[in-house]
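Let me begin by presenting the structure, written as structure tokens, before commenting on it.
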Amino acid sequence: MRWTQTFIPTLKETPADAEILSHKLLLRAGLIRKLTAGLYTFLPLGVRALRKVEQIVRQEMDRAGALEVLMPALQPPEIWQQSGRYESASAVLFKVRDRAKKEWVLGPTHEEVMASLMAGELSSYRQLPKNFYQIQTKFRDEIRPRFGLMRAKEFIMKDAYSFDASDEAAQISYQKMYDAYARIFERCGLRAMVVEADTGVMGGKFSHEFMIPAEAGENEVACCERCHYAANVEKAASQTPDPSTPASAPLGLMPEKFATPGVTTIEALTRSPFHVPADRQIKSLVYIVEDKPILVLLRGDHQLNEAKLAGALGTAVFRPAEPPEIFAALNAHPGSLGAVGVQHLAVYADEALREGAGMTTGANEDGFHLRHVDIRRDIQVTQWVELRLVRGGEACVKCGSPLKVQRAIEVGHVFKLGTKYSKALNALFLDESGRQQPAVMGSYGIGVTRTLQAIIEQCNDKDGIIWPISVAPYTVCLTPLNVAPDSAVMKLAEKIYAELLQRGVDVILDDRDERPGFKFKDSELIGFPVRIAIGEKSLAKGEVEIKTRSGELRLVKAEQAVEKALEMLGIRHS
Ligand code: ATP
Ligand code: MG
């Protein structure tokens with residue numbers, strides 16, 4: 001491709017509304033443009049990189065035995081009602097109406113469509129196992145579309161669905177996808193980590209996420225450097241901390257009310273004149289679950305993990321109570337709440353509180369707290385359960401070493417679903433003994449557009465993107481510093497260009513009549529892996545300059561330019 005013939009609108013200035021580096025670079029390097037929040041157009045360079053990521057995904061899916069299909073993005077809401085997700089996923093479902101006012105759904109994912117397809121096609125165990133995949137546009141009504149392609153309203157996903165005759169067979173299908181994902185991210189030049197994940201609204205048995213460690217990530221993952229336990233903090237567990245009751249705590253005292261005017265936070269109670277450490281306080285939160293209030297108790301220095309609460313409640317349909325609902329339930333406002341003497345509400349308490357004695361909590365009377373609370377004696381706990389969010393430094397559940405918590409971008413997700421969707425949508429088969437069984441399903445997603453941006457988030461420097469060769473929009477940028485057609489420089493450039501094209505190399509010839517510095521800046525911003533610069537001075541000595549984007553520089557004989565460039569790319573072209 002000749003630069004002047006394509007469309008690469010690079011930007012000098014950083015666009016004001018791009019918050020994270022990869023989003024800025026996508027815009028500045030002329031890969032994408034925003035239509036409106038959460039909706040982007042891929043420009044020619046962006047499409048080239050995207051197609052390369054897609055091609056890696058496709059090759060690895062094919063290699064793993066998955067079969068490519070293409071399902072409709074527009075779906076009937078009935079199948080979502082059948083699976084129960086019309087309600088549970090309603091927050092992200094885009095709904096549209098046709099001319100007859102009938103409602104449709106724009107697919108955020110395709111378990112329902114896939115299970116309906118198999119309901120019609122599947123009859124015998126002999127047809128199994130099967131795994132189907134597609135690379136297609138998904139729609140999600142995200143609360144906060146942001147960070148460019150990272151969290152968009154419309155994005156490209158590779159989604160795959162496996163069907164097996166038994167749990168053991170499903171495990172094999174799962175492992176194949178797990179292995180394929182590891183290869184995909186490696187081939188994309190990404191350092192991914194695999195973490196245990198919460199199954200959330202998908203339902204199902206267990207799952208893993210593929211994460212790219214990055215400050216800009218919207219997820220937090222906990223990992224143990226000793227035993228390699230790694231989990232999304234939504235799922236992560238740590239060992240229950242030792243009770244924080246100091247040995248000197250006076251035992252046997254009964255709860256005692258004391259005035260705390262104006263104190264409504266854990267933090268305020270740690271200060272003078274009270275000096276109650278946060279780990280000696282009980283945090284009481286009111287949630288509404290299917291219209292009913294419940295109380296959730298945590299140690300004052302711990303945070304609630306809502307995914308774990310969902311697990312304990314068996315539903316994801318709950319929300320924090322509003323102040324009037326809280327007052328109606330406990331007769332006090334947030335900041336003065338507690339569970340002592342509460343019998344009319346279910347009380348879910350975090351395991352870290354189990355041994356708590358001599359604790360301080362709200363008195364359910366504005367401006368008052370209770371001290372000397374012994375949880376087992378004074379609070380009627382309905383269920384003890386792990387509810388707290390794991391923090392860095394806590395002891396690994398598996399080996400006890402300190403956990404590290406870091407931010408990461410979720411690029412892929414594999415789920416072992418079980419029979420939830422096959423039962424709901426009748427994806428049944430006859431087993432060897434002629435009994436009808438629901439197929440055991442798995443589902444596997446890769447955010448293709450998010451992966452593209454994650455690559456940029458991980459591969460860059462102060463000058464711009466550093467594309468891994470496998471996904472670079474062009475691998476070689478050929479930069480003549482004189483573009484007059486009859487100049488020796490341009491003639492050599494044309495010759496090398498033709499040769500690289502003939503060798504099947506993705507090369508772009510920067511034939512713009514611009515200053516060298518300007519052309520170099522653009523090629524560094526875009527991040528082509530190799531640049532061949534041809535200038536009059538070096539050519540007088542019969543040489544050209546080859547530079548990799550990661551900094552290696554060589555002066556080579558003009559006639560060896562192609563060989564050397566390929567060598568520096570690590571490509572063996574014949
Ligand atoms: P998230 O937790 O980031 O909202 P998710 O867990 O809901 O994502 P999945 O249903 O697991 O997403 O979808 C599979 C993959 O699709 C994700 O791993 C992610 O890479 C990608 N993805 C999901 N939502 C978006 C989005 N709004 N924009 C871009 N990519 C997305
Ligand atoms: Mg996910």
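Looking across 339, 352, 328, one residue alone is assigned to a loop (DSSP other than H, G, I, E, B) and either closer than 19 Å to residue 264 by Cα or touching a residue at least 12 places away in the same chain (Cβ under 8 Å) (or both). It is 339. Is it fair to say residue 511 is under 42 Å from the mean Cα position of the chain (by Cα) and closer than 26 Å to residue 189 by Cα? Spelling it out, it is not the case that residue 511 is under 42 Å from the mean Cα position of the chain (by Cα) and closer than 26 Å to residue 189 by Cα. If you check 456, 466 for being away from ligand 1 (no atom under 16 Å from the Cβ), β-branched (Val, Ile, Thr) and either farther than 25 Å from residue 208 by Cα or in contact with a strand residue (DSSP E or B) (Cβ under 8 Å, 6 or more places away or on another chain) (or both), only one passes: 466.
For region 202-213, the set of residues classified as more than 10 Å from ligand 2 (Cβ to nearest atom) and either at pLDDT below 95 or part of a loop (DSSP other than H, G, I, E, B) (or both) consists of 203, 204, 205, 206, listed by residue number.
Here region 147-195 is the region considered, the condition is being more than 18 Å from the chain's Cα centre (by Cα) and free of Cβ contacts under 8 Å to residues at least 24 places away in the same chain, and the residue that is surrounded by the fewest Cβ atoms within 10 Å (Cβ to Cβ) is 168. Taken as a whole, the condition of being more than 26 Å from residue 171 (Cβ to Cβ) and among the acidic types (Asp, Glu) applies to residue 103. For region 306-325, a residue qualifies if it is in a loop (DSSP other than H, G, I, E, B) and at pLDDT below 95, and the qualifying residues are 314, 315, 316, 317.
The single residue among 138, 130, 153 that is within 16 Å of ligand 2 (Cβ to nearest atom) and farther than 21 Å from residue 233 by Cβ turns out to be 138. Listed by position, the strands (runs of 3 or more DSSP E) enclosed by region 362-432 that each have at least 2 residues that are within 16 Å of ligand 1 (Cβ to nearest atom) and surrounded by fewer than 24 Cβ atoms within 10 Å (Cβ to Cβ) are 404-418. From the list 177, 157, the lone residue that is at pLDDT 95 or above, touching a Gly at 6+ places or on another chain (Cβ under 8 Å) and not in a helix (DSSP H, G or I) is 157.
Got at least one residue in region 533-556 being touching a Cys at 6+ places or on another chain (Cβ under 7 Å) and either without any contact (Cβ under 8 Å) to a residue 60 or more places away in the chain or outside any helix (DSSP H, G or I) (or both)?
The answer is no, given that none of the residues of region 533-556 is touching a Cys at 6+ places or on another chain (Cβ under 7 Å) and either without any contact (Cβ under 8 Å) to a residue 60 or more places away in the chain or outside any helix (DSSP H, G or I) (or both).
Is there a residue being free of Cβ contacts under 8 Å to residues at least 24 places away in the same chain, surrounded by fewer than 16 Cβ atoms within 10 Å (Cβ to Cβ) and assigned to a loop (DSSP other than H, G, I, E, B) anywhere in region 16-26? Yes, some residue in region 16-26 is free of Cβ contacts under 8 Å to residues at least 24 places away in the same chain, surrounded by fewer than 16 Cβ atoms within 10 Å (Cβ to Cβ) and assigned to a loop (DSSP other than H, G, I, E, B).
The values are calculated or read from the model by the stated rules, or taken from the named source; none is laboratory data. For clarity, every value in this text was computed on a predicted model and none was experimentally measured. FYI the Cβ positions are ideal-geometry reconstructions off the backbone, even for glycines, and counts take in every protein chain you see.
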